Amino acid sequence: MTQATESRSRSPSTVLQQSAAGLAIATRGLCKVFNGKVAVRSLNLEVPRGEIFGFLGPNGAGKSTSLKMLLGLATPTRGEAMVLGRPAGDVPIRRKIGFLPEHFRFYEWLTAAELLRLHGRLYGMSHSRLRQKVPELLGLVGLTEHAGKRLRDFSKGMLQRIGLAQALLNDPELIFLDEPTSGLDPAGRRLVRDIIKAQRERGATVLLNSHLLSEVEITCDRVAFIKHGEVIETRELNSLLAEQTTVQVRAANLTAEMAAGVEQWASSVCLQNHQLTLSVASREALPQILRFLVDRGAEVYEFTPQRLSLEERFLEIVGNDGGL
Amino acid sequence: MGVWIMAGVTFREAARKKILWMALAAGLAFLALFGTGLHYQMKDLAAGRVRPILLKQIPGAMLMVGLYAIDLLTVVMTVLVSVDTLSGEIASGTIQAVATKPVPRWQIVLGKWLGFAAMMSAYLALLVGGINAITYTMAHVTARQVPQGFALMWLESALLLSITFFFGTHYSTLTNGVLALGLVGLAFLGGWIEQIGAATNTTSAVNVGIVASIIMPSEALWRRAANDMQSPLANALNFSPFSSASLPSSTMIVYAGVYTALALLFAIRRFRRRDL
């Protein structure tokens, strides 16, 4: 029973082990079936080290189950997963992993400082290290004044903060955050955002599972869109948001011929009064469109590319049926 | 290391449960009641209204009644204190923060078991020690073989703990409690059927009792503990909750020990394999 890897994790194939080199997380065909119901169909995921990686999908898309499989809390029905170069569920590698569960809770009779000391000891940290680390983390999450307060007297937001602190105790290389900002007020959300960014600067990888797309948009380097337990798309966030652009053009002398002419760059064109609305696939076409209009005599007063929000991209990719 | 951390936090968790303190208060109230009853009984004995042959037997019998109550209290407390430690923490998700730490799952279960076992040992020792101290002070009587009796009662508590852990890794808290206490009831009933069968020489009834003890050996442990603790004269009375017309064999005691270890092992095995 002392084996390093508990029975529920399997040894990944050599192919996956090779492809996992340099990745914080690599999965292939990861699948979970509960009582005949498919929770995760076939998850293929590659999370590079040192990035903040967003895990996006509608309710019931299998995000939390996927997270549980990566953390060794649930056994995959099929497929394989590597975490920090070791099979998911490996016990020693957990020294390098931090995890904030959704709705963090623990024995309510513990004080905030006691909770951190207990989890630190479970990580195998020495008493002297904890003496330094516990006040530091309480300060980081803004709970220094509440160090001696029992968890039963904590608000939901305070529980999330102390939960985040316990996930950072061991200076983890990989941090799983499941809805870290739920229950937090705007100041709390900002604090969490700053902490996540600081972790990236430290060189850690963060897997962020969040419903709050605005949070993901501000924080993440890369996102994976999950639907029906499959990764539909994994993209770098900047390129994803830059790609599809809507442009509003307000100009005098706009004609139907001009509108027809810009169709070579735009997927949709709409001319109404003195306003032209274009949807272009690449921002690189914007100077050419402007030159085209000016050359043909349009007097342009306004030429405004509008960035699509992540929410719009999310609905476009995942669909607005909620994945059901 | 993980085992001792979990044992420590579980001991503290158990110590903070109101139910334990209520049970301790109930136990102390019971000891006070017992002491008062014994006091008046001894007054009567001193006044010479009782035959001399009963001088030691009456406080001895009262002591056995007290130990029987302690045994029942400990069994029920063992189940109630530990019933939600695994199923409850799995259902609430509390276990996730621990199960993702670099501690193998078997250490979590074993540590929790040790924490509760330590708490129940202290509880049992306090009550068994307390009642013997009272009878010794008032009547110069103690149970015959206190260490053996205590060990058997402890094993009964440990058995219930393992069973509660086993069910706790399979079922919800409520189902777990019903099943564990249901088994205690089954053993109790089986024990009486066996005694009545032995007293009336009905082999089939004795066999029914033995089967019940095989399914759940808790009552057999108490019968054996009672036999070790009370006077040979009281044992000869044959028909009471404390004497045995059909005395559980040493094999049955070994069986109960193996049962306890196996129930814990299967609880660990199930906890290691299940999703949390």
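Residue check: is A:Arg189 surrounded by 15 or more Cβ atoms within 10 Å (Cβ to Cβ), in the same structural domain as A:Pro92 (by TED's automatic domain parsing) and within 18 Å of the chain's Cα centre (by Cα)? Yes: the conditions hold for A:Arg189. Do we find that A:Leu293 is surrounded by 15 or more Cβ atoms within 10 Å (Cβ to Cβ), part of a strand (DSSP E or B) and not assigned by TED's automatic domain parsing to the domain that holds A:Phe225 in this structure? Here the answer is no, as A:Leu293 does not meet what is asked. Filtered by the rule that a residue be over 9 Å from the mean Cα position of the chain (by Cα), of a type outside the set (A, V, I, L, M, F, W, C) and surrounded by 15 or more Cβ atoms within 10 Å (Cβ to Cβ), the range A:200-210 gives A:Arg200, A:Thr205. Across the range B:94-114, the qualifying residues are those that are modelled with pLDDT of 95 or more and more than 7 Å from every other protein chain (Cβ to nearest Cβ), and the one among them that is nearest to A:Ile162 (Cα to Cα) is B:Ile108.
In summary, strands (runs of 3 or more DSSP E) completely within the range A:1-80 and bearing 3 or more residues that are modelled with pLDDT of 80 or more and charged (D, E, K, R) occur at A:37-48. Is at least one residue of the range B:32-42 hydrophobic (A, V, I, L, M, F, W, C), crowded, with 22+ Cβ neighbours inside 10 Å and out of contact with any Phe, Trp or Tyr (no Cβ under 8 Å at 6 or more places or on another chain)? Within the range B:32-42, one or more residues are hydrophobic (A, V, I, L, M, F, W, C), crowded, with 22+ Cβ neighbours inside 10 Å and out of contact with any Phe, Trp or Tyr (no Cβ under 8 Å at 6 or more places or on another chain). Within the range B:43-91, restricting attention to residues that are among the charged types (D, E, K, R) and more than 21 Å from B:Gly115 (Cα to Cα), the residue that is surrounded by the fewest Cβ atoms within 10 Å (Cβ to Cβ) is B:Arg49. Restricting A:Leu73, A:Leu67 to those that are surrounded by fewer than 23 Cβ atoms within 10 Å (Cβ to Cβ), among the aliphatic types (A, V, I, L, M) and either free of Cβ contacts under 8 Å to residues at least 40 places away in the same chain or in contact with a strand residue (DSSP E or B) (Cβ under 9 Å, 6 or more places away or on another chain) (or both) reduces the list to A:Leu67. Residue count for the range A:106-124 under the criterion of being facing another protein chain (nearest Cβ under 7 Å), in a loop (DSSP other than H, G, I, E, B) and buried (at least 19 other Cβ atoms within 10 Å of the Cβ): the result is 2. For B:Asn201, the conditions (1) part of a helix (DSSP H, G or I); (2) of a type in the set (S, T, N, Q); (3) more than 23 Å from B:Gly35 (Cβ to Cβ) all hold with the exception of (1).
Among the candidates A:Arg250, A:Arg291, A:Arg202, the residue that is basic (Lys, Arg) and touching a strand residue (DSSP E or B) at 6+ places or on another chain (Cβ under 8 Å) is uniquely A:Arg250. Scanning the range B:18-70 for residues that are assigned to a helix (DSSP H, G or I), of a type in the set (D, E, K, R) and more than 16 Å from B:Thr137 (Cα to Cα) yields B:Lys18, B:Asp44. Every test in (1) over 30 Å from A:Leu177 (Cα atoms); (2) touching a residue at least 60 places away in the same chain (Cβ under 8 Å); (3) surrounded by fewer than 23 Cβ atoms within 10 Å (Cβ to Cβ) is passed by B:Leu127 save one, and that test is (3).
The values are calculated or read from the model by the stated rules, or taken from the named source; none is laboratory data. Quantities reported herein were computed from a predicted structural model and do not represent experimental measurements. Every residue, glycine among them, receives a Cβ derived from its backbone with ideal geometry; neighbour counts consider all protein chains shown.
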